[in-house]
Amino acid sequence: MYQKPPRWRSPSATTGPLQCAMSSLLITCRAGFESECAQELTEYFAARDQAGFARLRADSGYLVFAAADDSELALPAADTLIFPRQVLPIAEHFTALDPKDRISPLLDWLQRHINRLHDVWVEAPDSPEGEALNAFCRSFESALVARLKRDRWLAETASTRLQLFFPIGTEAFLCLVDRRQATPHRQGILRLRFPSAAPSRSTLKLEEGLLVLLTDKEREAWLQPGMSAVDIGAAPGGWTFQLVQRSLRVSAVDNGPMAANLLDSGLVTHYREDGFRFVPKKALDWLVCDMVEQPIRVAKLVASWLNDGRCKRALFNLKLPMKKRWQETQLCLDIMRKQTGRELDLRAKQLYHDREEITVYAGPASG
Ligand SMILES: C[S@@+](CC[C@H](N)C(=O)[O-])C[C@H]1O[C@@H](n2cnc3c(N)ncnc32)[C@H](O)[C@@H]1O
């Protein structure tokens, strides 16, 4: 387990923005994807001439990434990375907390380093082990917040969020983040309610993809009623449901049956055809694709649609059941870039509702 104390620079103004440069970062992710995060961060920092190394335990749902030479690692923006859910600068690491009094050492530390906080989140990894700690995290957070309120530590005007991360009950990473730049979602997870009229849970993948990969303005401009889309590998229709909800006209391509309520909407035409051979009668605004297929085949298919102008934008899933998932991801994104032969706006993320897969948006670089 990681032990090296990180270098901590006290923020210049306790109510002002934090200097988020640390020599160690805590990364949270889907359990099982720790090594993909490690590879991604290693390449991210190598591209910025910084060497680093990761400490991880498989299936734990988190890892620590440290600079090789104790230099400061500038915090990457969460939306520039595919596999990490949160990237948090580690200010302190407590390794042997007394279960009878975990609060005192944390308060001591805060007293020495900072005197105003906006809020406090206490979290555990998103893993089976972490789930067992969720009830503890909630009650510890309530107790800590009550104590901080009593001592007037919390201020609406402060921008710093204290994030305490407990991998086990006696160990905590203390992270201080600027809440204006950090994820608004606890554990970096956007939880969505399953719409009862949707025919499959997959619907949440497209809903989350549209919310995470596009901005509010982009959704408004690019998903207008009356626009057209093809959904390749559409059955039973969870993704089509999302498009119909937004009043788009959908060509649903799949040999399998589509849900009756979608066909009754008058917005869906079902084509029982091979998604690799389907050709639309005219150019469409969107292609979405959730086919269970080799990711390289899907990447090439989407690139060819964008290239030929058969669609303007695409949002699709790349399934990653193989061992070398980071390499496969890079290969697919490179194929997209090369095959389209023009600058492409590519955004990729492993979403909360993605399992062994990632979701990618591709569109023209000019917007
Ligand atoms: C994961 S399911 C899609 C679920 C769908 N997105 C939803 O939300 O309900 C994958 C679908 O891809 C379809 N599929 C696989 N290969 C295909 C192909 N070559 N052409 C068309 N559909 C294909 C399968 O029939 C299956 O219905």
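A few comments on the model shown:
- Cβ-Cβ distance of residue 260 and residue 43, R₀ of 56 Å, FRET efficiency by 1/(1 + (r/R0)^6): the value works out to about 0.75.
- In this simple spin-label model, placing a label point 7 Å from the Cα along the Cα-to-Cβ direction at both residue 327 and residue 171 gives a separation of 3.0 nm.
- Translational diffusion coefficient of segment 134-209 (Stokes-Einstein, Kirkwood radius from Cα pairs, 25 °C, 0.890 mPa s): 160 µm²/s.
- Using distinct alpha-carbon pairs, which all enter the 1/r mean, Kirkwood radius of segment 21-188 in Å: 16.3
- Beta bridges assigned by DSSP with both partners in segment 120-263 are antiparallel in approximately 45 percent of cases.
- Cα radius of gyration and Dmax for segment 203-364 (Å): 14.6, 43
- Size of electric dipole in segment 203-364: Cβ of Lys, Arg +1 and of Asp, Glu -1, about Cα centre, debye, nearest 20: 440
- Student exercise, the chain dipole from Lys, Arg, Asp, Glu Cβ charges, in Debye to nearest 20: 500
- Averaged over its residues, the chain has an accessible area of 45 Å² per residue, based on protein heavy atoms and a 1.4 Å probe.
- Residue pairs, from the table 319/349; 217/281; 205/319, whose Cα atoms sit over 20 Å apart: 217/281
- For residue 324, nonlocal amide neighbours, meaning residues 5 or more places apart or on other chains whose placed amide H falls under 5 Å from its own, do not occur.
- Charge dipole (Cα centre; +1 on Lys/Arg Cβ, -1 on Asp/Glu Cβ; no other charges) of segment 21-188 amounts to roughly 760 debye.
- Alpha carbon convex hull of the chain, volume per residue in cubic angstrom: 150
- Inter-label distance, nm, simple model (7 Å from Cα along the C-beta direction), residue 109/residue 300: 5.1
- Cβ-based charge dipole, the chain, positive-most Cα from 189, 242, 88: 242
- Sorted largest first, the spans of the alpha carbon positions of segment 165-278 along the three principal axes are 56, 32, 29 Å.
- Between residue 224 and residue 196, the contour length at 0.36 nm per residue exceeds the Cα-Cα span by 7.8 nm.
The values are calculated or read from the model by the stated rules, or taken from the named source; none is laboratory data. Worth saying up front: this structure is predicted, and the values here are computed from it rather than measured. Every residue, glycine among them, receives a Cβ derived from its backbone with ideal geometry; neighbour counts consider all protein chains shown. Surface accessibility is based on the protein's heavy atoms, side chains included, excluding ligands, DNA and RNA. Shrake-Rupley method; radii C 1.70, N 1.55, O 1.52, S 1.80 Å.
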